[in-house]
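The values are calculated or read from the model by the stated rules, or taken from the named source; none is laboratory data. All values derive from a computational prediction rather than experimental measurement. Here the Cβ positions follow ideal geometry from the backbone for every residue, glycine too, while neighbour counts run over all protein chains shown. Note: accessible area is taken over every heavy atom of the protein model, side chains too, but ligands, DNA and RNA are not part of it. Shrake-Rupley method; radii C 1.70, N 1.55, O 1.52, S 1.80 Å.
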Amino acid sequence: EVSQLTQSALDGHNVAIFAYGQTGSGKTFTMEGPGGDPGVTPRAVERLFAHAAELSALGSSFEFEVSCLEVYNEEVRDLLAPPPKGGEPAKLKLQDLAGVVCVQGLKSTRVATAEEVAPLLAAAQRVRSTASTKMNDRSSRSHYVFRMRIRRREGEGGECRESELYLVDLAGSERV
């Protein structure tokens, strides 16, 4: 259940959920879910917007931005940016800004509903790096990071809180 964690993100706390385990253990399945049975990521997004709607009725306003990246072979790739002519996702660089690690050039898309997030998740999964392994025919071979940036304002001109929700599907660990 992700309800309390999404509530914490809306309350201004940074939240991260990681899926970790051996190749073929079901990390991506758990995070994304099969077609008719949503996994952690789509359920967290649905819950986030449902909570936000309840809080909006009480006077809060929200802004949401989504980004998706992968780390594959020590390269950071933007999964939502239009691919360059070579067809691979755009490669990015990490930057340290006074102790805060940023991904320079990462595309961030404003969204207002869970329905707007779903095609972004699907687009990111389509370009994510996969390969065949002994454990799995189509194994994700990268660390995948979904980020939802949240800005919440209390009433007209009130306090503004910013937080981020990270949902991370780590590449499988396997013995060589």
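Side notes on the structure shown:
- Exactly one residue among Leu97, Leu92 is of a type outside the set (Asp, Glu), exposed (fewer than 14 other Cβ atoms within 10 Å of the Cβ), over 20 Å from Lys27 (Cα atoms) and modelled with pLDDT of 85 or more, and that residue is Leu97.
- Selection count where residues are more than 21 Å from Gly59 (Cα to Cα), assigned to a helix (DSSP H, G or I) and free of Cβ contacts under 8 Å to residues at least 12 places away in the same chain, scope segment 1-16: 0
- Candidates Lys85, Lys107 - the one that is in contact (Cβ under 8 Å) with a residue 24 or more places away in the chain, open to solvent by 80 Å² or more (accessible area, probe 1.4 Å) and not β-branched (Val, Ile, Thr): Lys107
- Test for Leu79: is it under 13 Å from the mean Cα position of the chain (by Cα), modelled with pLDDT of 90 or more, open to solvent by 30 Å² or more (accessible area, probe 1.4 Å) and not basic (Lys, Arg): no
- Selected residue [closer than 19 Å to Leu5 by Cα and over 15 Å from the mean Cα position of the chain (by Cα)] from Ala44, Ala50, Ala114: Ala50
- If only residues of segment 126-151 that are farther than 20 Å from Leu79 by Cβ and basic (Lys, Arg) are counted, the one that is modelled with the lowest pLDDT is Lys134.
- Options Glu154, Glu174, Glu159, Glu116; residue that is open to solvent by 30 Å² or more (accessible area, probe 1.4 Å) and at pLDDT 95 or above: Glu116
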